[in-house]
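The values are calculated or read from the model by the stated rules, or taken from the named source; none is laboratory data. Every value quoted in this text rests on a predicted model; they were computed, and no experiment measured them. Here the Cβ positions follow ideal geometry from the backbone for every residue, glycine too, while neighbour counts run over all protein chains shown.
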Amino acid sequence: MKKSLVALSIILALAIQSGMSYAENSTDGGKTVDRKEGIRKKTAEDRKNYSTEQLREIENLYQVANKLWKTPEAKTSLKVLIEKYPKSNRTGCAVQYMGQMSSGEEKEKYLKLAIKDFSDCYYGNGVQVGAYARFYLGYYYKDKGMEKEAKALFDEIRKDYPAAINHKGKLLLDILPK
């Protein structure tokens with residue numbers, strides 16, 4: 001128990017240090033959506049799968065991307081995280097970040113991976129990787145003129161993730177194309 005509390009304290013301290021805040025609940029058609037619960041669930045899974053030292057390394061690798069966004073160092077650090085800790089919640093966020101940082105086929109590859117393997121992962125501020133990856137991949141397809149594929153992803157967000165938010169707390173539904 002003490003080990004898991006230390007691990008949770010490290011994760012929370014690093015999240016707060018990086019400027020993240022935990023998302024509040026929101027309503028989705030009268031149903032309350034508790035983003036914190038998703039974060040708690042994934043944090044508990046990480047505590048079961050990784051030691052305190054591993055959790056510290058996971059967070060440190062991840063924070064390189066937050067501090068050095070779109071630099072070669074950020075990509076290298078995220079790739080190490082993805083390879084070394086394939087089941088971590090932060091790995092889902094790292095895969096999403098790689099999709100955002102990349103272009104062309106690499107962008108599509110990472111966003112599809114985020115959707116396939118990490119849809120249930122959460123950033124510390126309540127952004128769900130599955131919804132966010134669909135959002136980015138949908139706009140990538142839209143920009144490429146792949147309207148049918150884009151529409152399918154946007155429809156998935158509307159149906160399966162209606163309370164999903166971006167990093168500024170704005171509902172994805174409000175910024176999807178009509």
Exercise for review: Could you please find all residues in the range 161-178 being closer than 15 Å to residue 127 by Cα and surrounded by 13 or more Cβ atoms within 10 Å (Cβ to Cβ)?
Suggested key: 161, 162, 163, 164, 165, 166, 169, 171, 172, 173
Review point. Looking at this structure, is residue 91 surrounded by fewer than 20 Cβ atoms within 10 Å (Cβ to Cβ) and in a helix (DSSP H, G or I)?
Key: no
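Answer yes if at least one residue in the range 88-108 is more than 13 Å from the chain's Cα centre (by Cα) and of a type in the set (Phe, Trp, Tyr), and no otherwise.
No, every residue in the range 88-108 fails to be more than 13 Å from the chain's Cα centre (by Cα) and of a type in the set (Phe, Trp, Tyr).
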Review point. Considering only residues of the range 31-50 that are among the hydroxyl-bearing types (Ser, Thr, Tyr) and in contact (Cβ under 8 Å) with a residue 24 or more places away in the chain, which is farthest from residue 127 (Cα to Cα)?
Key: 50
Review point. Applying the selection to the range 138-152, what residues are of a type outside the set (Lys, Arg) and surrounded by fewer than 23 Cβ atoms within 10 Å (Cβ to Cβ)?
Key: 139, 140, 141, 143, 145, 146, 147, 149, 150, 152
**Study point:** Meets criteria (under 19 Å from residue 120 (Cα atoms), under 17 Å from the mean Cα position of the chain (by Cα) and at pLDDT 95 or above) for residue 59
**Key:** yes
Practice item. Considering every residue within the range 100-117, establish whether at least one is of a type in the set (S, T, N, Q), assigned to a helix (DSSP H, G or I) and surrounded by fewer than 21 Cβ atoms within 10 Å (Cβ to Cβ). Key: yes
Point to revise | Candidate set: the range 62-73, residues that are under 16 Å from the mean Cα position of the chain (by Cα) and either among the small types (Gly, Ala, Ser) or part of a helix (DSSP H, G or I) (or both); chosen: the one surrounded by the most Cβ atoms within 10 Å (Cβ to Cβ) | key: 62
